[in-house]
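The values are calculated or read from the model by the stated rules, or taken from the named source; none is laboratory data. Quantities reported herein were computed from a predicted structural model and do not represent experimental measurements. Don't worry about glycine lacking a Cβ; one is built from the backbone with ideal geometry, like all the others, and counts go over all protein chains shown.
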Amino acid sequence: MIHLQILTPNDWQLWRKLRVAALTESTAAFGSVLADWQGAGDREQRWRERLTGVALNVIAYVDGKPAGMVSGDWNAPDVELISLWVAPFARGRGVGERLVEMVVEWARDQQAPRVVLSVRDYNAPAIRLYCRQGFEAISASPESEPGAPETLFTRLI
């Protein structure tokens, strides 16, 4: 069974645990790297600010264990889906779909016209997930890093 929890800044330790796991396991999937969040970057205030500064932060549980995360934030007039990750033990169990649906539902509640996201071109499992969820590739992302091309996807609400 999949259960979703919307986080508050008081949930910073849970967010930290999953974010560190995501950055450790999927090193090339995100715009930031683990080193950005370790050492001087690993402070309670910074983790709380991340949960305050991004409008929607969600954790998924499978059988009571933290199994994934996603965030949604304003990229006016749209909502941007960011930081999606599913733990290896939970992949293929519908967690990614539920997390994406949560962001889409939130965007609909906020009356956003669409949800946008960028994904690294070599991340075929994520691309398949987004396409199954009704997203369409529209262009190369303007934020692509050299050697790590990204594609911008969109889904109308």
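Structural remarks
- Considering region 87-108, the residues that are of a type in the set (Gly, Ala, Ser) and buried (at least 23 other Cβ atoms within 10 Å of the Cβ) include one that is nearest to the chain's Cα centre (by Cα), namely GLY96.
- Of all the residues in region 12-35, those that are farther than 24 Å from ASP78 by Cβ, not polar (S, T, N, Q) and not in a helix (DSSP H, G or I) number 2.
- Among residues of region 36-51 that are part of a helix (DSSP H, G or I), those with a Cβ under 7 angstrom from a residue that is surrounded by 13 or more Cβ atoms within 10 Å (Cβ to Cβ) and of a type in the set (Val, Ile, Thr), sequence gap 6+ or separate chain, pair up as TRP37/VAL20.
- Contacts under 7 angstrom Cβ, first residue in region 17-31 being over 17 Å from PRO125 (Cβ atoms) and at pLDDT 95 or above, partner of a type in the set (Val, Ile, Thr) and not in a helix (DSSP H, G or I), 6 or more apart: LEU18/ILE59
- The single condition from (1) under 18 Å from ALA112 (Cβ atoms); (2) among the hydrophobic types (A, V, I, L, M, F, W, C); (3) surrounded by fewer than 16 Cβ atoms within 10 Å (Cβ to Cβ) that LEU84 fails is (3).
- TYR130 vs. criteria under 18 Å from ARG19 (Cα atoms), among the hydroxyl-bearing types (Ser, Thr, Tyr) and either modelled with pLDDT of 95 or more or in a helix (DSSP H, G or I) (or both): no
- For region 1-11, taking the residues that are part of a loop (DSSP other than H, G, I, E, B) and at pLDDT 95 or above, the one that is surrounded by the fewest Cβ atoms within 10 Å (Cβ to Cβ) is identified as THR8.
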